[in-house]
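Here's the structure, in structure tokens; my notes come after.
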Amino acid sequence: MTKKIARLSVYLSLALALSWVEHLLPLPIPLPGVKLGLTNVVTLFLLYRYGFRDALIVAAMRVLLAGMLFGGPTSILYALPGALLALFAMAAVKRARLFTPVGASIAGGVFHNLAQLTVAAWVVKTVGITYYLPVLIASGALTGLVVGVFASAVYERTRNA
Amino acid sequence: MNRFDAMLLAGALVFSAGLFFAQHFSPRHEAARVMITRDGILLAELPLNRDDVYTIADGDNFVEVAVEGGAVFVSRASCRDQLCVRRGRISAAGQSTICLPNRVAAVVTGGDESSFDAVLY
């Protein structure tokens, strides 16, 4: 148990660090809501290596801590549904066994953005905001691809460790 | 990355492209109209999809408002500065053409909205 706590804590710190780095260096694309989601490399890695529960624990804690440390409470409002829905989507894709972690990450990226757009629509009480859907789905899929490649690389190389 | 991943990625991109084009080429559900007022009193409300000419006249003063090709403009007016005529064609909701000397206003409502000028967070 202690070993597990220690292990997850390390991954949590890593995820937090990645989250913070991304917070410091925004993407050159001026569109709101488009981010690399680098921190999801950790979530995805955990999902494949240790399973859904560990990934869930680290992802949820990461969102809360990032919000407390630098994101602010509004970041939690958007990030939590995004991270949770993304994790569920990734777990489902993983279950389907047809895809590699890259596929899971693509799905994760898309659903993360879908959840965030939904929260945004609820916050501003405007359904018309969904005109932004094409941008978010496309960017979610593409950033998911990049994140998936990273996570896959790490997963493959540490498989037997 | 295997072929299923690629299909998933392609699917997402095609879907978003499809959404994008559907949004931009779908007919608006509300027909655009132009409301013509004088001294703030509504004189006429014309649909923009039907070519028409509406003239407000008062002795020697007149403003001729024309609807043509989905847009509205002032074709002729008796005012000296002719700013209303020089305004040109308008068709987006919220746009307006005013003839101040004649106290006439033509405002477009419904239909397409012009894109945002600024978004603040």
Query - When residues of the stretch A:94-109 are limited to those that are more than 15 Å from A:Asn40 (Cβ to Cβ) and among the basic types (Lys, Arg), the one nearest to the other protein chains (Cβ to nearest Cβ) - result: A:Arg97
Query raised in the report: Counting just the residues of the stretch A:32-55 that are outside any loop (DSSP other than H, G, I, E, B) and under 10 Å from the mean Cα position of the chain (by Cα), which one comes out farthest from A:Gly109 (Cα to Cα)?
Result: A:Val42
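Among the listed residues A:Leu12, A:Leu77, identify the single one that is modelled with pLDDT of 95 or more and either part of a helix (DSSP H, G or I) or small (Gly, Ala, Ser) (or both). Steps first, answer last, please.
Details: A:Leu77 fails: modelled with pLDDT of 95 or more.
The match here is A:Leu12.
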Query raised in the report: For residues in the stretch B:42-75 being over 13 Å from B:Cys99 (Cβ atoms) and of a type in the set (Gly, Ala, Ser), which is modelled with the highest pLDDT?
Result: B:Ala66
Report summary line: Apart from one, (1) among the β-branched types (Val, Ile, Thr); (2) in contact with a Ser or Thr (Cβ under 6 Å, 6 or more places away or on another chain); (3) part of a loop (DSSP other than H, G, I, E, B) all hold for A:Ile29; the odd one out is (2)
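Hey, which of the strands (runs of 3 or more DSSP E) in the stretch B:1-83, taking only ones fully inside, have at least 3 residues that are away from chain A (no Cβ under 14 Å) and not hydrophobic (A, V, I, L, M, F, W, C)?
Working: elements: B:33-38, B:41-47, B:52-58, B:61-68, B:71-77.
Strands (runs of 3 or more DSSP E) meeting the threshold: B:33-38, B:52-58, B:61-68.
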Query raised in the report: What about A:Ala91, is it more than 9 Å from chain B (Cβ to nearest Cβ), over 27 Å from B:His24 (Cα atoms) and either in a helix (DSSP H, G or I) or not hydroxyl-bearing (Ser, Thr, Tyr) (or both)?
Result: yes
Query - Hits in the stretch A:110-161 - residues which are closer than 19 Å to A:Glu22 by Cβ, open to solvent by 30 Å² or more (accessible area, probe 1.4 Å), within 11 Å of chain B (Cβ to nearest Cβ) and not aliphatic (A, V, I, L, M) - result: A:Phe111
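The values are calculated or read from the model by the stated rules, or taken from the named source; none is laboratory data. Everything numeric here is computed off the predicted structure, so don't read it as measured data. Cβ sites come from the backbone with ideal geometry, for glycine too, and all protein chains shown count toward neighbours. For the accessible areas, the whole protein counts, side chains as well, though only heavy atoms, and no ligand, DNA or RNA atoms are used. Shrake-Rupley method; radii C 1.70, N 1.55, O 1.52, S 1.80 Å.
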